[in-house]
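*Asks:* This is the structure I want to talk about, given as structure tokens.
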There are 2 protein chains.
Amino acid sequence: MVYGEYRLSGMAGESTGSEPDRTLRLLWRSHFGEPVGSRGPKQRSSVDEVVATAVQLADVDGIDAVSMRRIADRLGLKPMSVYTYVPGKAELVDLMVDRVAGEMELPRLDGELPERLARIARLQWEEYLRHPWLLSIDTSRPPLGPNVSDHWEWCLRAIDGLGLSDLDMDRIVTLLLGFVTGPARAHLDAERHRAVDQESAVDWWERNEPLLDEILDAKRYPVSARVGQAAGAVEQAGPSDVFEFGLARLIDGIVDYIGVSAR
Amino acid sequence: MVYGEYRLSGMAGESTGSEPDRTLRLLWRSHFGEPVGSRGPKQRSSVDEVVATAVQLADVDGIDAVSMRRIADRLGLKPMSVYTYVPGKAELVDLMVDRVAGEMELPRLDGELPERLARIARLQWEEYLRHPWLLSIDTSRPPLGPNVSDHWEWCLRAIDGLGLSDLDMDRIVTLLLGFVTGPARAHLDAERHRAVDQESAVDWWERNEPLLDEILDAKRYPVSARVGQAAGAVEQAGPSDVFEFGLARLIDGIVDYIGVSAR
DNA sequence: CGGGTGACCGTATGGTGTACGGAGAATATA
DNA sequence: TATATTCTCCGTACACCATACGGTCACCCG
């Protein structure tokens, strides 16, 4: 079985010269309004429907299930017709990312700084839980769509006016959002194993115990053996404890730095 | 062109009953030694050669270039023969990850705590620079191979004996390693754009300026506009400044926490 | 009421992972 | 030594994938 994932198009443009970027126009399609004076026949579907279908497929069956053919099927189209809505798959993924970035309301930015920072991370956490495929996407260059941009602006505002340099602001938000991926991956991976493999991580461990005992012997891995046991036990117990605890520590660190830096 | 990426096999096992896990056995192949008493003809290649070829392909042309057919070509084999060395592509990726985890020597763990923490992050940073495709891989469940395990043990030892709970140790290492991916992605993405697209990020920005000026207007994105400018300027300037600066802050935060926690 | 535009799609190309079964080589066993 | 077993290599095939190209035809504008 193929486990394919797709990079963001990275706003690569089509190198058609002065044409700005079709992806950009697609991302901001609601801002540009309907294309007026189109000659040909009416479109039977819409960009939003295509993107929504893709997101649905990814949510239910994973990012691998997102294929132009399947999208076409769902919409009652033939594969090649999808390309009249979207230039290609990479651009479609951009649109998917921006779409899901916009489906959750951005909470108010009141309260103390630590609480604001926590809100940033928790929103991201929730987004990963709703759309696990986001973790399988190369987010090196997030699409500059309206929802992603709104989200980013919202994050930055949470730490604006504290005397931080622009660079520090960028770094702090990146750090905070990046932190979430770790616990989110661990959590979703454990969940996926319970659901799909029908054997929990514990079962897997038990099945492979004889081999692992031989390999991961306490002489070579004294610390890992001890720590791994604790980490495994907690994965069993709490759902997002690891996330919340790590978050609290991280926020402490960030707040400390802001205090020193703004002095 | 397809931009596929591949998840780790996640040690899924083959559900063949009591058979532990072929992937595990492959990962620890050096530990088990040569298989004695094999009946058929000698193998013309080896698992190590297959994995090395795959890593080379990924290093030079990206993870997409890693295909069973291409590997076979390089080794003078036909595609299906590769499957006599490796069960499948997911398992191959596991082996690739463990291989590159072992190619860099783990430095001594002496010196002050901050220096030790920095060494952990810098090693990871270097590994990402050498093998950018590692960033395109779903590392939710890293393969339990010898090199990955050694690496993990080495990380944990750097913060062992400080009075931290096992759980905290796990979390801190995860946090530190997770942090690296952010700057590494940014850095490599910028580099890739310079090399491949032959237009720097600045050029892209200029080409799309008219559209972006209309969209990302200062009214809607006052903070992003300001911060983005600063972040972009620095991306131009320093190579790993962002990484080093962020690392210093993060370490400060971690050290603070350890001090409080161990009291 | 044409002319032109663009949505839809049939076909095809070149890729992917990998299941299946066969040929033949090399060793273990009788 | 002869036979049985087992394993490597691989030819073929299947089911996908993204997408380039060109044709057909519905529709709007002039």
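*Asks:* Could you list all residues from the range B:217-234 that are assigned to a helix (DSSP H, G or I) and open to solvent by less than 70 Å² (accessible area, probe 1.4 Å)? Walk me through it before giving the result.
*Replies:* Within the range B:217-234, the subset assigned to a helix (DSSP H, G or I) is B:222-234.
Passing the criteria: B:PRO222, B:VAL223, B:SER224, B:ALA225, B:VAL227, B:GLY228, B:ALA230, B:ALA231, B:GLY232, B:ALA233, B:VAL234.
*Asks:* If I filter the range B:143-166 down to residues being surrounded by fewer than 20 Cβ atoms within 10 Å (Cβ to Cβ) and not in a helix (DSSP H, G or I), which single residue comes out as farthest from the other protein chains (Cβ to nearest Cβ)?
*Replies:* B:GLY163
*Asks:* So which of B:ARG108, B:ARG69 ends up being without any contact (Cβ under 8 Å) to a residue 40 or more places away in the chain, outside the structural domain of B:ILE172 (by TED's automatic domain parsing) and more than 15 Å from DNA strand D (Cβ to nearest atom)?
*Replies:* Answer to the check: B:ARG108.
*Asks:* If I ask for residues that are in a loop (DSSP other than H, G, I, E, B) and among the hydrophobic types (A, V, I, L, M, F, W, C), which ones from the range A:94-142 would you list? Spell out the reasoning first.
*Replies:* In the first step, residues of the range A:94-142 are kept if they are in a loop (DSSP other than H, G, I, E, B); the result is A:102-112, A:131, A:137-142.
A:MET104, A:LEU106, A:LEU109, A:ILE137, listed by residue number.
*Asks:* Would you pick out the residues in the range A:235-263 that are modelled with pLDDT of 80 or more and open to solvent by 70 Å² or more (accessible area, probe 1.4 Å)?
*Replies:* A:PHE245, A:ARG249, A:ASP252, A:ASP256
*Asks:* Identify, by number, the condition in (1) within 9 Å of chain B (Cβ to nearest Cβ); (2) surrounded by fewer than 20 Cβ atoms within 10 Å (Cβ to Cβ) that A:GLU191 doesn't meet.
*Replies:* Here A:GLU191 meets the rest and fails (1).
*Asks:* Hey, can you tell me all the residues within the range B:38-89 that are within 9 Å of DNA strand C (Cβ to nearest atom), crowded, with 17+ Cβ neighbours inside 10 Å, outside any loop (DSSP other than H, G, I, E, B) and away from every other protein chain (no Cβ under 14 Å)?
*Replies:* B:ILE71, B:ALA72, B:VAL82
*Asks:* Could you tell me whether any residue of the range B:115-135 is within 30 Å of A:TRP28 (Cα to Cα) and open to solvent by less than 50 Å² (accessible area, probe 1.4 Å)?
*Replies:* Yes: one or more hits.
*Asks:* Which one of these does B:ARG29 not meet: (1) basic (Lys, Arg); (2) farther than 22 Å from B:SER136 by Cβ; (3) more than 10 Å from DNA strand D (Cβ to nearest atom); (4) open to solvent by 100 Å² or more (accessible area, probe 1.4 Å)?
*Replies:* All conditions are met except number (4).
*Asks:* Output the number of residues of the range B:72-102 satisfying the condition of being free of Cβ contacts under 8 Å to residues at least 40 places away in the same chain and at negative phi.
*Replies:* Final tally of qualifying residues: 11.
The values are calculated or read from the model by the stated rules, or taken from the named source; none is laboratory data. The model shown is predicted, which means the values in this text are computed figures rather than measured ones. Quick reminder, even Gly has a Cβ in these numbers, built from the backbone with ideal geometry, and neighbours come from all protein chains shown. Surface accessibility is based on the protein's heavy atoms, side chains included, excluding ligands, DNA and RNA. Shrake-Rupley method; radii C 1.70, N 1.55, O 1.52, S 1.80 Å.
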